[in-house]
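Asker: The structure that follows is given in the form of structure tokens.
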Amino acid sequence: MWKDIGGREAGQIRPNSFANRVKSHRLSTLQLSNYKDIVSPHKGSINSLQVDLTEERYLLSGASDSSVAVYDVQRATDYEGGGHIAKHRSVFVVDKQHEHGHKYAISSAIWYPVDTGLFVTGSYDHYVVMNFKMPGKVYRTAMSPLAASHMLIAAGTEDVQVRLCDIASGAISQTLSGHRDGIMTVEWSTSSEWILVTGGCDGAIRFWDIRRAGCFRVLDQSQSQLGRRPPLLKRKRPGYKFVRNGPLVASMMVSISKSLSAGQNSSVKPRAPQKRSANGNGVRQSSVGRIPAKGSVRQRLHPGMLSSQDRATAHYGAVTGLKVTEDGMYLLSAGSDSRIRLWDVESGRNTLVNFETVRLQTSKTCLTFRGHYEHVNCCCFSSQDQELYTGGNDRQILVWCPSRLISDGVDAGPMQDQDNWSD
């Protein structure tokens, strides 16, 4: 690492490259923190964790004892062990004794994307933020980080319909029908404020354009592709590589990849020429974020239609988690069939990345975190500090930080505090 620092000072390493190397090194040394402790006030299992999207300073937690708490992860409330262990106690707690508190377990707690003064909770008491009454238990809530034209909360419940709750009007503005069982997870696209992805107990993953009726895509695990994407015609742009970031793969639903510009790959053969369409353009455009043509069955299926495509499944069991990568090119899904799948958003195909084998081949496991006494229910990652937060049935919130001490990989140099040069 000191060699990289010297190369940066000499101008041999670009700033972005140096920053990526530092972050990769910090991620590879994640371990249970012995100098930072979050004191949980919850008396039940931790079901939801999220760091705010604006400052990445406040951690929000929701638990099965119907309480929600907020912590300042950058400023400790007190210190122990001679000032070496920072204790982060909750800034405030909202429990069932509060006049607007939930009565049953909180299943989802998320920050408002652009303001740390507002957060949204969903509970098994059939309510979302105590204003929207749902027909069943609330499993997941989500808000678009890109939204500039709406203030919608997508709610997945044990009912078969996805409901969009409008904060501005205080009413449920829209329902999305198509799933045949409860909706376990919902996720907004990171490339369009209008695209919503949902996963249900029926094993289906559906893409919705909330400006139109019916879903426009249903993922099918039998439809797959190998290798990287083929190049696009008539629109030149750099090719892309998918880089697997080990520690983030270990945390599963944390964003695990960024597509890096790598130049056009000359080894990939171009597609065969396509027939020109009626509008004279021979290139088929992406269906993601584009309003399908009226009456187009291939692009958009009405929820009432019964077809093999509409009944396609992405998992052999319930879809329990969804995460769109930051560039919007890929979708990660997890299911009760103990499988994690990576999907190409553009083509809607399974990329056949085999995450399943990491359970059997330890050589493919990048990092394993052991610290909880019972099952882990949730985790979230802070990209600013490269810290991982995990919550489990043991009612504890654990912090996993990069090692504070590093040594020179080339010369035997003195040990230094990593925080002094991480930025």
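The values are calculated or read from the model by the stated rules, or taken from the named source; none is laboratory data. What you are looking at is a predicted structure, and each value in this text was computed from that prediction instead of being measured. Cβ placement follows ideal geometry from the backbone for every residue including glycine, while neighbour counts extend to all protein chains displayed. To get the accessible areas, we keep the full protein, side chains included, count just its heavy atoms, and leave off ligands, DNA and RNA. Shrake-Rupley method; radii C 1.70, N 1.55, O 1.52, S 1.80 Å.
Asker: Ignoring everything but the protein chains, give the 1.4 Å probe accessible area of Cys215 in square angstrom, nearest 10.
Answerer: Near enough 0 Å² of accessible area.
Asker: Just the accessible area for Tyr79, please: 1.4 Å probe, Å², rounded to the nearest 10?
Answerer: Its accessible surface works out to 140 Å², give or take rounding.
Asker: Let me ask another. How many percent of Cα pairs in the range 107-226 exceed 20 Å?
Answerer: Numbers: 2748 of 7140 pairs.
Here the tail beyond 20 Å accounts for 38 percent of pairs.
Asker: Right, another one. Determine the shape class of the range 152-214: with a ≥ b ≥ c the square roots of the Cα gyration tensor eigenvalues, call it rounded for a/c under 1.5, and otherwise prolate if a/b is greater than b/c, oblate otherwise.
Answerer: Verdict is oblate for the range 152-214.
Asker: Which value, in Å² rounded to 10, gives the accessible area of Glu326 with a 1.4 Å probe and all protein chains present?
Answerer: 110 Å²
Asker: Cross-link partners among aspartates and glutamates for Lys96, C-alpha distance below 14 Å, same-chain residues fewer than 8 apart left out?
Answerer: The qualifying aspartates and glutamates are Asp65, Asp125.
Asker: Summing +1 for each Lys or Arg and -1 for each Asp or Glu, what net charge is found among the other residues whose Cβ lies under 13 Å from the Cβ of Ser222? Before the final figure, lay out each step's value.
Answerer: Numbers: positive: Arg311, Arg341, Arg349; negative: Asp220.
Overall, the nearby charge balance is +2.
Asker: Using a 1.4 angstrom probe on the protein heavy atoms only, could you order Arg140, Arg21 from most to least accessible area?
Answerer: Details: Arg140 70, Arg21 105 Å².
Largest to smallest exposure gives the sequence Arg21, Arg140.
Asker: Per 0.36 nm of contour for each residue apart, how much would the distance between Ala76 and Lys3 grow if the chain were fully extended, relative to their Cα-Cα spacing? Write out the running numbers ahead of the final one.
Answerer: Numbers: separation 73, 0.36 × 73 = 26.28 nm, distance 3.39 nm.
Taking Ala76 through Lys3 to full extension adds about 22.9 nm, to one decimal.
Asker: Sort His100, His84 by accessible area with a 1.4 Å probe, largest first.
Answerer: The ordering from most to least exposed comes out as His84, His100.
Asker: Probe radius 1.4 Å, ligands and nucleic acids left out: which of Arg211, Arg14, Arg26 has the largest accessible area, and how do the rest follow? Please list the in-between numbers first.
Answerer: On the way: Arg211 105, Arg14 190, Arg26 15 Å².
Final ranking, largest accessible area leading: Arg14, Arg211, Arg26.
Asker: Could you check the spin-label model distance between Asn393 and Arg180? Points 7 Å from the Cα along Cα→Cβ, value in nm.
Answerer: 3.1 nm
Asker: Given labels modelled 7 Å from the Cα in the Cβ direction, how far is it in nm from Ser383 to His150?
Answerer: So the label points at Ser383 and His150 sit 2.4 nm apart.
Asker: In whole Hz and in residue order, list the ³J(HN,Hα) couplings for the range 112-117 that follow from phi through the Karplus curve 6.51 cos²θ - 1.76 cosθ + 1.60, θ = phi - 60°; x for Gly and Pro.
Answerer: 5, x, 10, 7, 7, x
Asker: Give me the extension gain from Glu55 to Arg89: residue separation times 0.36 nm, minus the current Cα-Cα distance, reported in nm with one decimal. Please list the in-between numbers first.
Answerer: Values: separation 34, 0.36 × 34 = 12.24 nm, distance 1.85 nm.
That works out to 10.4 nm of additional length.
Asker: Strictly over 27 Å apart at the Cα level, which of Lys3/Lys23; Lys23/Lys323; Lys137/Lys323; Lys23/Lys87; Lys87/Lys137; Lys87/Lys323 would you flag in this model?
Answerer: Working: Lys3/Lys23 16 Å; Lys23/Lys323 21 Å; Lys137/Lys323 22 Å; Lys23/Lys87 25 Å; Lys87/Lys137 34 Å; Lys87/Lys323 31 Å.
Table pairs above 27 Å Cα-Cα are Lys87/Lys137; Lys87/Lys323.
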